């Protein structure tokens, strides 16, 4: 296949990837979008096969390895529970990162196969691109592995901080820069290996100080990194499909990080520097926990809801942990049978990744047109009879609007307190990740339901 | 004077960032999780590099020091491609509209 034809076909597959993302603007077009993505991928892989001229015995092995990887991927995709989506995505990011590192290494060892020159005499521009691709790929890999371990609970979600952490990270970044410059002038392979090793270390170090609840930002950020790594490799390989895709993914992840940060009213640097909520947790909490709260049981909750005409449900990470989404939908079905209007309110940072709650509700067969974003529904709380908060906490805290001293001041919150009554399903009075008490617990119109989210929801359904 | 082909690639890159910017802003927030899984899948188009690397061995030698990295990268990227697209499809299949007759 001629170089021009394959370049055009790579462009086509890049365009198909753009259409794949475009499709996600609404659920109706999204499935078609995914199909475009698949077609784009098939085109890219086929063109690569056709343009590699030597159909040596290696070709068979390529197919075999492709099949091995493909079956593992398909197996995971069908088996993974929806609640484990954040872990899965973090795991997948690590694979993209590592693949980028491997391709860069291969290109470094054998540049002539990629038309980049000969070992020890690689074109300068290619070497820089290679170094960037490998370095960003390595950071993506180790960072995603840590994110995965934290999300999976293998590693504690608590931020790990130590003195001089930021200084160390800054020094390592400078080291990467120096190594890259040296690598370009000397072409020494040892420098390349050190560069990769240092980058692995950076990825590890920048994710450990970030707490579990900041994971939406971390995952989006790593998503972005995996894109930039791919773009770096795309420049090395002079491949348009890879460059376009890298740019798309890079900006997509960056936008998601921005949305998540805005949802918490925190700057990107504030999240990245980490350690949020790890200090002052005890002092603030203890004095306030003496305040009286009203707690009730499933029977009380059922009574309140039965007499309501509209109910708004506010799900959070706790719902995912308790796997309560199906029980919740059954409860809502019963409510609807009693002619009660039910809608769902989703805060941008509810859950552990962007859109986490929406997927779980979709899994439980909740129609997506009953699910609303913060701006769409926030005014409706004042007219609703009952707000049912299940597994959410900080995103409902009115302190964010009233107390400038609070660490979450200015964060957009759901106006749950404006409802006639608030039902709060929670296991205990413990504060959320921000380490601050929620005033909502002590409000006159709040009824606390201390129980496991799933069990409580099922009990309420029985009592309806 | 001739323009370095690098400049063309850079132009494509910069323009794609802008395209990505506008396309991603139009993605509905409820589909942000599928967005992440699909971007994951498409960024694994890095497999084209992996394939070139895997077939870089000279005649008769399938597994050279450079092609082994290529084969490893093929496995990783293939996991991502199949896993990413299929899990996205699985998720998107769950997004349903309200049934009208229910009301």
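The values are calculated or read from the model by the stated rules, or taken from the named source; none is laboratory data. Being a predicted model, the structure only gives us computed values, none of them experimental. A quick note on method: Cβ atoms are made from the backbone with ideal geometry, for glycine too, and the neighbour counts reach across all protein chains shown.
Annotation: of all residues in segment A:385-400 being crowded, with 24+ Cβ neighbours inside 10 Å and modelled with pLDDT of 90 or more, the one that is farthest from the chain's Cα centre (by Cα) is A:386.
Here the condition is being within 21 Å of residue A:247 (Cβ to Cβ) and either at pLDDT below 95 or in contact with a strand residue (DSSP E or B) (Cβ under 8 Å, 6 or more places away or on another chain) (or both); of B:71, B:63, B:6, B:85, it holds for B:6 alone.
Looking across segment A:389-409, just one residue is touching a strand residue (DSSP E or B) at 6+ places or on another chain (Cβ under 7 Å) and in a helix (DSSP H, G or I), and that is A:396.
The condition of being part of a helix (DSSP H, G or I), facing chain B (nearest Cβ under 7 Å) and touching a residue at least 40 places away in the same chain (Cβ under 8 Å) does not hold for residue A:229. Tell me the residue from A:74, A:99 that is modelled with pLDDT of 95 or more and buried (at least 20 other Cβ atoms within 10 Å of the Cβ), please. Every option except A:99 fails the conditions.
For every residue, the table says whether it meets (1) buried (at least 23 other Cβ atoms within 10 Å of the Cβ); (2) on the phi > 0 side of the Ramachandran plot; (3) in contact (Cβ under 8 Å) with a residue 24 or more places away in the chain.
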| position | (1), (2), (3) |
| --- | --- |
| B:22 | no, no, no |
| B:25 | no, no, no |
| B:40 | yes, no, yes |
| B:56 | yes, no, no |
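For segment A:341-359, the set of residues classified as more than 9 Å from every other protein chain (Cβ to nearest Cβ), touching a helix residue (DSSP H, G or I) at 6+ places or on another chain (Cβ under 7 Å) and at pLDDT 90 or above consists of A:342, A:343, A:344, A:345, A:347, listed by residue number. Determine whether segment A:127-149 contains at least one residue that is more than 28 Å from residue A:85 (Cβ to Cβ) and surrounded by fewer than 20 Cβ atoms within 10 Å (Cβ to Cβ). Taking every residue of segment A:127-149 in turn, at least one turns out to be more than 28 Å from residue A:85 (Cβ to Cβ) and surrounded by fewer than 20 Cβ atoms within 10 Å (Cβ to Cβ).
A single entry from A:66, A:95, A:124 fulfils the requirement of being within 7 Å of another protein chain (Cβ to nearest Cβ), out of contact with any strand residue (DSSP E or B) (no Cβ under 6 Å at 6 or more places or on another chain) and over 23 Å from residue A:200 (Cα atoms): A:66. May I ask you to verify whether residue A:33 is closer than 30 Å to residue A:115 by Cβ and not in a loop (DSSP other than H, G, I, E, B)? So residue A:33 does not fit the description; no. Being surrounded by fewer than 20 Cβ atoms within 10 Å (Cβ to Cβ), at pLDDT 90 or above and either within 11 Å of chain B (Cβ to nearest Cβ) or part of a helix (DSSP H, G or I) (or both) is not true of residue A:105. Would you mind listing the helices (runs of 4 or more DSSP H) fully within segment A:307-388 where at least 2 residues are under 19 Å from residue B:94 (Cα atoms)? Hits in segment A:307-388: A:317-322, A:325-337, A:356-363. Among the residues making up segment A:10-22, those that are under 20 Å from the mean Cα position of the chain (by Cα) and more than 14 Å from residue A:42 (Cβ to Cβ) are A:21, A:22. Every listed requirement among (1) within 30 Å of residue A:321 (Cβ to Cβ); (2) buried (at least 24 other Cβ atoms within 10 Å of the Cβ); (3) more than 7 Å from chain B (Cβ to nearest Cβ) is met by residue A:262 save one, (2). Which one of A:16, A:5 is without any contact (Cβ under 8 Å) to a residue 60 or more places away in the chain and closer than 25 Å to residue B:34 by Cβ? Unique residue meeting the criteria: A:16.
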